[in-house]
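Read through the structure below, which is laid out as structure tokens, and then see the notes.
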Amino acid sequence: MSASSAFNDEKGGSSNVGEPEYGHDPASGGIFSSDYKRHDDLKEMLDSNKDSLKLEAMKRIVAMIARGKNASDLFPAVVKNVACKNIEVKKLVYVYLVRYAEEQQDLALLSISTFQRGLKDPNQLIRASALRVLSSIRVTIIVPIMMLAIKEAASDMSPYVRKTAAHAIPKLYSLDPEQKDCLIEVIEKLLADKTTLVAGSVVMAFEEVCPERIDLIHKNYRKLCNLLIDVEEWGQVVIINMLTRYARTQFLNPNMNESLLEEGGGEKAFYGSDNDDDTDDEEDKEEKEKKKTEATAIVKRKPYVMDPDHRLLLRNTKPLLQSRNAAVVMAVAQLYFHLAPKAEVGVIAKALVRLMRSHSEVQYVVLQNVATMSIKRRGMFEPYLKSFYIRSTDPTQIKVLKLEVLTNLANETNISTILREFQTYIKSNDKDFVAATIQAIGRCATNIGEVRDTCLNGLVQLLSNRDELVVAESVVVIKKLLQMQPEQHSDIIKHMAKLTDNIQVPMARASILWLIGEYCEHVPKIAPDVLRKMAKTFTNEEDIVKLQIINLAAKLYLTNSKQTKLLTQYVLNLAKYDQNYDIRDRARFIRQLIVPTDKSGALSKYAKKLFLALKPAPVLESPFKDRDHFQLGSLSHLLNAKAGGYQVLPDWPEAAPDPSVRNVEVPEWTKCSSREKRKEKKADKPFYSDSEGESGPTESADSASDTASGSESGSGSEESGSGSESEESNEESESASEEDEEEEGKKKKKNVEKIKARKPVPESESEPSSGEEVKKSEKKSKPRIGSSESESEEDDDSESESSESEEESEEESEEETKKKKKTTASKPPSKPPKKENKKEKKEMSLLDFDDFDPAPSPSQVTPLNNFLSSSLVTDLEGLSLTDNVLSPTTIVPSGNLKTYELLHRITGEGLSVEYCFSRQPFSPDLHMVAVKIQFTNSATSEAKSLHVEDAKLQSGMRIKEFPEIEVLPAGETVSVVMGIDFCDSTQAANFQLCTHTRKFFVSIQPPVGELMMPIFMTENEFKKEQETLLQSLGQLMGMNEITEKLTLEEKCQGEHAVVQRVTTAANLSRVPCGSDKECSPPVPPPPFPIHRFAGKTVTSGSLVLVSVVTKEDGAAQLTVNCEKMVIGTMLVKDILQALTQ
Amino acid sequence: MINSLFLINPSGEIFLEKHWKSVVSRSVCDYFLEAKEKALEPEDVPPVIHTPHHYLISIYRDKLFFLSVIQTEVPPLFVIEFLHRVAEMIQDYFGECSETVVKDHMVMVYELLEEMLDNGFPLATESNVLKEMIRPPTILRSVVNTLTGTSNVGDTFPTGQLSTIPWRRAGVRYTNNEAYFDVVEEIDAILDQSGTTVFAEIQGVVEACVKLSGMPDLTLSFMNPRLLDDVSFHPCVRYKLWESERVLSFIPPDGNFTLMTYHVNAQNLVAIPVYVKQSISFFECGSDGRLDVTVGPKQTMGKTVEGVMVTVHLPKTILSINLTATQGSYTYDNGTKLLVWDIGKLNPQKLPNLRGSLSLQAGAPKPEENPSLNIDLNIQQLAISGLKVNRLDMFGEKYKPFKGVKYITKAGKFQVRT
């Protein structure tokens, strides 16, 4: 019975059939007659063992929920079905659960185990949906379970599950804000995710949970920029908005110089934020001139160079202006408005104008933003003036906004067209709109002097309009205009005086009275008469009019007391007994002031000055002025009030913070190991953690320094880190660093002392886990120990012993803290006062070790500028590298670096040596290949003075040895980097590896793929290069182009696989395909996808171009172009092997 | 993000509510209803309303209000765009978006809403993905559902969500493989009393209906892409290729979708296909006026102008009208004062004319503004800008698809001031 009625509902579905079923009509429940048992039939259906009945019941229940009816009393019956096999029933049960769990917390717990089981399901979609529902149940008791589930899901194999985890984060956060720290850790982890699926969701979680932790973005910034175009549209909006804020904290104002100039220029000081020159006074001019010259001087001194990361953001967001999604377009537009150089902002205008054709709500929001933008950047929208013309069919709110924009865009050249348009609008039937138009005319008149009279005349004509509202509005506007030049317009004032008989709108009457009072000297005859009339009607006037009557009376009394004395007295007497206390007060006050009595105080002498002082003309300005301090496109901007959760758009920094924080390097020894210690198994990078596991002593050494910097903890550590920066401070400004040190105070000294205290035991000190720390400590310790060949610092080392030690400590702690900042989630973000320090750091950062620790230069003389340039190169390299790393297809996992054995444990008598090609540029000499060598001492005794000797090299080959390793304790591992110039050949480099007791003959033979380094080029460049290569040497085809056909295996056919295999085989970089989309869809774009890779040989820099064309059924063609035939041939062989293995 | 959604009909009844976070009482809608009362037209309701604890962002579409409740800062366009997607989704699923349709498919709409947002953040908004999870109703399916007791919830999982091309579902099969493209251009114009063009521009859109099996990769090129000044694309279009080669290269979604919208270069003068001679006058003393409107073809590129329609919002003070049309028929609604003259095809030999008298309410003043005329028209087989599709190529699949391109010109917001 109940089932059949339910069918009716589903099929017929009309509300009038469905409605009574939910219990209003007791009869519909069949046998159930009492109202409170109304859901019994549903319960029965849910308890039945037929899925169709259950489904039916659930549908009716969900329909009740959808209608907003309470179905909570069914909870026990529904929750039983949570484990139902039928997927449809299950889904509906989930819907119910999520809706009512909050109200029935205890019962909801019954369902948890089902979800927990679901979390372990092999199907990723089931895992995801279990997590989704689990996290949507707002029951506080299960917070720990949720936390655990989220953590687990965050490292799930499936990106979809990880996305769901990202979605769950804000849910948990809103349920229990206490979990913030844990959640930030998860966010940090997910931010590092490289899939587009996760990116949008995790940034959204970031924005909801910890938008202030901008430091978490550094490492992911470039990746986010590069992924952006492939992220789904909603994610794009969130990411772009967040990156806008990020960029405001990290980069310099691209309009800095212009704004300085313009501010000085005396032109409407639009771009200065703290300008004080709203009135363009003559006296200011000189000052401004001065400012201007100063500004130009500054400009000359510091030419602005845009940070490449800033550029990257602008470049990668621009295509999104073409999105179909209005929110994305708006997000990009606001990003450009806030971040782009003035000259480039224009591109957004077209896209915004396009949005104007969209739905009226979209228009409304876009127009609000355009109104704000058009104040600052008028030129941008001027070409589109006509797109803002108003149609009679537009809704009023749109009309008013368009009017606003038109007014903002008005200038000398287009004012006539605009006024003509306005004339049409004034005739409109929509009176609110007409009023707005009159206001707009008023504003145009004040802003553009040339048309002031025209406008005024036009407005005066409106005074004879039949509609009172129009007249009233005109009066108000005319009043404002007249204030600017009253002398010339006494006839208008007279005209308006006549209007007092007709106009009834209080505001207009008040305006007229004020005008007559203010300029009573220009209309000496009329004014007393007006007052006479007003005195007559005083009692019937509105309050504002009464106040103005009193005002008028007072002014007339002061100027023309003969004629108006009595009238004034009369008005004041009337006012004395008015109902409104304001008016009574005003009357009393004025009487005291103007009517001289013996009691009247000193003020009455100044009555005239008080009342008839020259009043400044009102400034008619747009209500949208200065609204851009809110981030455009935001809700807060729209409301012109801070909405909850709004993140303030920061001002540009004075000096850019350290850009190197965004460098993402292929992780290596130092970083990883120390990070791991810090984060305790956070990231599992097997390669490094292995080595770490063996190195007990290192850890202790490190942890010692850890505690040192740890003792300063939080705030102190950062300061000490930024205080002075090794060599830089020496040669640049000692004083500066010293000042800093003073500031940092005791904490730091303590630290120094600690380190000093540790000094006497150099063994423990000088064996850090990283090659680079070796280098550092060596650099520092050698002079002290007195070993003579410390070439490292001779040039510039002139500091005293103590400061040196300080330096060292700082270096270390610097590094430590840096990492800490990047990795430790719970640390508070750096606070503004510390930025000062940071800035200093920024300049020095070029020398920062973090920058080029891939290729630590062993103890050799390196002139400083070389240092600098090389690190710059590294920086740039890092940029293109990240490009590779980030584009989803070209990930070269660090684990792929193949390690080769140099010395076996047994032959080496306990010393085993491995090497790998780190693929980092070797900064001391870019023509060398960087080889990372890892020593592991598995013997029982320590190995001493490990170094290279007696290199037997082929002609032309060169070698840059690593610095001697003084001691390698038992069980320890250390790695160093050496550079070898293989002269673009695969000949082995033979040399001797010496310990204090023995010498081992070893040789390093590079695979051909390591003899090159990646270069970045676009597809077009690639094609061009390929052609020129062919032409220049191409008389003998086949000399420099080698083509091989091959068949790819099944598992290797994917784009990703191909790219990965090629880049593993050879150190090349992927040439981005012509279309960004091509990177993502797995389907081959027409005709067949070509994967291109580019590189150049390390020594001679000859180009190496590789392209792989894949066709159907795994057929593929490999083409290698290289000037060096031998290299080309070998490379073909290697890549072939890699692809077909 | 988005906290709750309420669907409200024009009379103020809330007939569906969905909450993605904690439940927000529907009393919050009172603020909105209040604003709605104040507004003269439904379009005049402010899209964003600030209440003490919430922000209400609403759209008015298809005679329904979609009202969303927001608690914290979120880009308003984000919400508005999403609400429009909801409306489009309903339209896509049930053929139209109206109160009855939503009430008929309450559960399904609710389920769709559940899938579209997670915790207020959009999760699956691509119609192809949604349709994989919840199948749209067809007559056949509803019969089967009735008989078997199953419903439209997809039993497969939405694999589309996992793919990098979420807009296309996998495993599409058709016996007839066809791809149709409609190039629709709209003329937006404002003409003044004398017939001179105050403002005119052409906006175009390429609508596609692609029913191709497998994973086709299409390339569409134009003869004269230089005409296009500003474009926006469906996410499937590869922007870089457009930038470099001016071709549209894409893996299409399955079914109907909007491939691109464009704006024609402003330098090109816009051909106005019709002219309108009109005179509307009210007599100062008497309580009546005259109306005389003639429409004729102007620059039609040799094509016939069809579906011509003139819409006039007459002043509120009009009491009654008495008109005669030489061609077509007119309707007049005295309540809304809306005069619609449906002309049909334009015959250059015999120009259609509508004339007659208007009578005003007694004593009412003469209206200051003459009502403006809104013109509708369409011209088949013509893209007024001259845009032409050059060719359409398909890669990635072996069959030969049937391809078709159609051009239409329409009047967009075409207004004649009088």
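The values are calculated or read from the model by the stated rules, or taken from the named source; none is laboratory data. Quick caveat: nothing in here was measured; it's all calculated off a predicted structure. A quick note on method: Cβ atoms are made from the backbone with ideal geometry, for glycine too, and the neighbour counts reach across all protein chains shown.
Please report, ordered by residue number, the helices (runs of 4 or more DSSP H) entirely within region A:488-552 with at least 2 residues that are small (Gly, Ala, Ser) and within 57 Å of the chain's Cα centre (by Cα). It comes to A:506-518. Tally up the residues in region B:58-87 that are of a type outside the set (A, V, I, L, M, F, W, C), over 24 Å from A:ILE65 (Cβ atoms) and assigned to a helix (DSSP H, G or I), please. So the answer is 3.
Considering region B:89-111, the residues that are under 27 Å from A:ILE169 (Cα atoms) and modelled with pLDDT of 90 or more include one that is nearest to the other protein chains (Cβ to nearest Cβ), namely B:TYR110.
Exactly one residue out of A:VAL186, A:VAL202 is within 24 Å of A:ARG117 (Cα to Cα) and surrounded by 22 or more Cβ atoms within 10 Å (Cβ to Cβ), and it is A:VAL186. Here B:GLN380 passes the criteria (1) surrounded by fewer than 18 Cβ atoms within 10 Å (Cβ to Cβ); (2) within 14 Å of chain A (Cβ to nearest Cβ); (3) more than 30 Å from B:MET215 (Cβ to Cβ) except the one numbered (2). Every listed requirement among (1) within 21 Å of A:PHE917 (Cβ to Cβ); (2) touching a residue at least 24 places away in the same chain (Cβ under 8 Å); (3) among the hydrophobic types (A, V, I, L, M, F, W, C) is met by A:LEU968 save one, (1).
Listed here are the residues, each with its yes/no results for (1) farther than 22 Å from A:HIS338 by Cβ; (2) exposed (fewer than 13 other Cβ atoms within 10 Å of the Cβ); (3) within 14 Å of another protein chain (Cβ to nearest Cβ); (4) at pLDDT below 80.
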{"position": "A:PHE624", "(1), (2), (3), (4)": "no, no, no, no"}
{"position": "A:LEU635", "(1), (2), (3), (4)": "no, no, yes, no"}
{"position": "A:LEU639", "(1), (2), (3), (4)": "no, no, yes, no"}
{"position": "A:GLY644", "(1), (2), (3), (4)": "no, no, yes, no"}
{"position": "A:GLN647", "(1), (2), (3), (4)": "no, no, yes, no"}
{"position": "A:VAL664", "(1), (2), (3), (4)": "yes, no, no, yes"}
{"position": "A:GLU676", "(1), (2), (3), (4)": "yes, no, no, yes"}
{"position": "A:LYS685", "(1), (2), (3), (4)": "yes, no, no, yes"}
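From the list B:THR336, B:THR300, B:THR331, exactly one residue is polar (S, T, N, Q) and at pLDDT 90 or above. Which is it? Just a single option satisfies the conditions, and that option is B:THR331. Of all residues in region A:956-979, those satisfying the criterion of being part of a strand (DSSP E or B) and either in contact with a Pro (Cβ under 8 Å, 6 or more places away or on another chain) or of a type in the set (D, E, K, R) (or both) are A:ARG958, A:LYS960, A:GLU966, A:VAL976, A:VAL977, A:MET978, A:GLY979. Go through region A:1099-1141 and count every residue that is part of a helix (DSSP H, G or I), among the hydroxyl-bearing types (Ser, Thr, Tyr) and touching a Cys at 6+ places or on another chain (Cβ under 6 Å). Counting residues in region A:1099-1141 that are part of a helix (DSSP H, G or I), among the hydroxyl-bearing types (Ser, Thr, Tyr) and touching a Cys at 6+ places or on another chain (Cβ under 6 Å) gives 0. Exactly one residue out of A:VAL1126, A:VAL1132 is more than 14 Å from every other protein chain (Cβ to nearest Cβ) and modelled with pLDDT of 80 or more, and it is A:VAL1132. For region B:94-125, a residue qualifies if it is touching a helix residue (DSSP H, G or I) at 6+ places or on another chain (Cβ under 7 Å) and either more than 17 Å from B:LEU16 (Cα to Cα) or among the small types (Gly, Ala, Ser) (or both), and the qualifying residues are B:ASP118, B:ASN119, B:PHE121, B:PRO122, B:LEU123, B:ALA124, B:THR125. B:VAL69 meets all of the listed conditions (1) under 30 Å from A:VAL202 (Cβ atoms); (2) within 11 Å of another protein chain (Cβ to nearest Cβ); (3) touching a Cys at 6+ places or on another chain (Cβ under 9 Å) but one, namely (2). Within region A:334-356, the set of residues being basic (Lys, Arg) and over 22 Å from the mean Cα position of the chain (by Cα) comprises A:LYS350, A:ARG354. May I ask you to verify whether B:ALA362 is at pLDDT 90 or above and not hydroxyl-bearing (Ser, Thr, Tyr)? Against the criterion (at pLDDT 90 or above and not hydroxyl-bearing (Ser, Thr, Tyr)), B:ALA362 does not qualify.
The set of residues in region A:217-231 being more than 13 Å from every other protein chain (Cβ to nearest Cβ) and either buried (at least 24 other Cβ atoms within 10 Å of the Cβ) or under 11 Å from the mean Cα position of the chain (by Cα) (or both) consists of A:ILE217, A:HIS218, A:ASN220, A:TYR221, A:ARG222, A:LEU224, A:CYS225. Counted as qualifying within region A:65-184 are the helices (runs of 4 or more DSSP H) with 1 or more residues that are closer than 28 Å to B:PHE6 by Cβ and at the interface with chain B (Cβ under 9 Å from one of its Cβ atoms), namely A:87-100, A:124-136, A:159-175. One residue stands out among those in region A:232-243 that are more than 10 Å from chain B (Cβ to nearest Cβ) and surrounded by fewer than 24 Cβ atoms within 10 Å (Cβ to Cβ): the one that is farthest from B:ASP118 (Cα to Cα), which is A:LEU243.
Residue-by-condition table, conditions (1) of a type in the set (D, E, K, R); (2) out of contact with any strand residue (DSSP E or B) (no Cβ under 6 Å at 6 or more places or on another chain):
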{"residue": "B:CYS29", "(1), (2)": "no, no"}
{"residue": "B:ALA39", "(1), (2)": "no, yes"}
{"residue": "B:THR51", "(1), (2)": "no, yes"}
{"residue": "B:TYR60", "(1), (2)": "no, yes"}
{"residue": "B:LYS63", "(1), (2)": "yes, yes"}
{"residue": "B:PRO122", "(1), (2)": "no, yes"}
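Taking region A:328-434 as the region of interest, the helices (runs of 4 or more DSSP H) fully inside it that hold 1 or more residues being within 12 Å of chain B (Cβ to nearest Cβ) and under 29 Å from B:SER58 (Cβ atoms) are A:347-355, A:360-376, A:396-409, A:415-426. Condition (residue is free of Cβ contacts under 8 Å to residues at least 12 places away in the same chain, touching a strand residue (DSSP E or B) at 6+ places or on another chain (Cβ under 9 Å) and surrounded by fewer than 23 Cβ atoms within 10 Å (Cβ to Cβ)) applied to region A:330-352: is it met by at least one residue? No, the conditions are met nowhere in region A:330-352. Taken over region B:340-357, residues that are within 20 Å of B:PHE283 (Cα to Cα) and in contact with a Ser or Thr (Cβ under 8 Å, 6 or more places away or on another chain) amount to 3. Any idea which of A:LEU228, A:LEU191 is under 22 Å from B:GLU73 (Cβ atoms), touching a Ser or Thr at 6+ places or on another chain (Cβ under 7 Å) and not polar (S, T, N, Q)? Among A:LEU228, A:LEU191, only A:LEU228 is under 22 Å from B:GLU73 (Cβ atoms), touching a Ser or Thr at 6+ places or on another chain (Cβ under 7 Å) and not polar (S, T, N, Q). Taken as a whole, the structure leaves A:ASP582 outside the set of residues that are farther than 23 Å from A:ILE526 by Cα, assigned to a loop (DSSP other than H, G, I, E, B) and among the acidic types (Asp, Glu). Scanning region A:555-600 for residues that are among the basic types (Lys, Arg) and touching a residue at least 24 places away in the same chain (Cβ under 8 Å) yields A:LYS555, A:ARG586. Note on region B:361-406: residues that are under 21 Å from the mean Cα position of the chain (by Cα), among the β-branched types (Val, Ile, Thr) and under 21 Å from B:ASN265 (Cα atoms) amount to 2. Tallying residues that are closer than 12 Å to A:ALA166 by Cβ, away from chain B (no Cβ under 11 Å) and of a type in the set (A, V, I, L, M) within region A:203-216 yields 1.
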